[in-house]
1. Once amide H atoms are built 1.01 Å from N in the peptide plane, which residues 5 or more positions from TRP39, or in another chain, come under 5 Å H to H?
2. Please list 232-241, 77-86 highest first by mean number of surrounding beta-carbon atoms within 10 Å per residue.
3. Give the carbon-plus-sulfur fraction of the accessible surface of the range 29-74 in %, rounded to a whole number; probe 1.4 Å, heavy atoms of protein chains only.
4. Looking at the range 16-120, what % of the alpha carbon pairs are farther apart than 20 Å?
5. At 1.4 Å probe size, with every protein chain present, just tell me what the per residue accessible area of the chain comes to in Å².
6. Need the full-extension length gain, MET215 to MET162, defined as separation in residues times 0.36 nm minus the C-alpha distance. One decimal, nm.
7. If you look at just the Cα atoms of the range 104-178, how large are its Rg and its Dmax in Å?
8. For the chain, what are Rg and Dmax over the alpha carbons, in angstrom?
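The values are calculated or read from the model by the stated rules, or taken from the named source; none is laboratory data. This is a predicted model, so every value here is computed, not measured. Cβ coordinates were reconstructed from backbone atoms using ideal geometry, including for glycine residues, and neighbour counts include every protein chain displayed. For accessibility, only protein heavy atoms count, side chains too; no ligands or nucleic acids. Shrake-Rupley method; radii C 1.70, N 1.55, O 1.52, S 1.80 Å.
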Amino acid sequence: MQAETELWSTALFNRFLAAPLDSFLSAIGRPAADPAHPWENWITMEILVVAIILVLFGVLRSKLSVENPGKLQLTFEAMYKFVMSQTDDAVEHGKKYAPFFGALFVFILFMNLIGVIPGFESPTMTVSVPLGLAVVVFLYYHWMGLREQGIGKYLAHFMGPMLALAPLMILIEIISHFARPLSLTVRLFANMFAGEKVTLTFLSLTFLVAPAVFMGLHLFVGFLQAYIFMLLAMIYVGGAVAHEH
């Protein structure tokens, strides 16, 4: 079963780099179920996405120009302005948080869109990836809230406006905050998994026009889900760092 679903990139990793990963997994007490194939598609796809982003930004940096910006520079400048405008709307004094939101958006967008390329698949259609991203957002906004407001004022947010209702409000807030990673995970995973399967199904059944339509839909869904994930992260950070007036 593993060999039937294994991507070519994963096969290369398993052929040449199985031993290092097996050693690492054994060292942390999580040995691979199949030592000959410890690498999974979602891991190799994430590594590939990181490599693509690093190369792309390396090329972009080498060609930056004020007088004669190229198409790649203009594209990322537009993306930068888009992220900044969204951050300003969602987070008080949000400029210092923009790098996190921008990195999150670009990383998720590239992971969503790599599945459009034949021979690859979107890592975000594996639940481990959205879950990892959701946990990062969860830890980040709590840390930013604690750093911005101090532990006393930040924890006071959980008590609500009335001291008499504090026990109930604390319980509600705890449930609400722990539901956020679940919501982020399910939303991204479910949409990307469904989009990937629908696209692959129609590609196998039809030719030219219909596949092009569904490929375009897949691109739209990939962008939309990256945006929604980033926007929700902004809202969570904005709520954590907001000062009551």
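1. Close amide H contacts, sequence-distant or interchain: none at all.
2. Values: 232-241: 20.7, 77-86: 13.8.
Packing order, densest peptide first, comes out as 232-241, 77-86.
3. Answer for the range 29-74: carbon and sulfur cover 65 percent of the accessible area.
4. Here the tail beyond 20 Å accounts for 59 percent of pairs.
5. That works out to 59 Å² per residue.
6. Numbers: separation 53, 0.36 × 53 = 19.08 nm, distance 5.18 nm.
Extra length from MET215 to MET162 when fully extended: 13.9 nm.
7. Cα only, the range 104-178: 18.1, 59 Å (Rg, Dmax).
8. For the chain, the Cα-based Rg and Dmax read 21.2, 65 Å.
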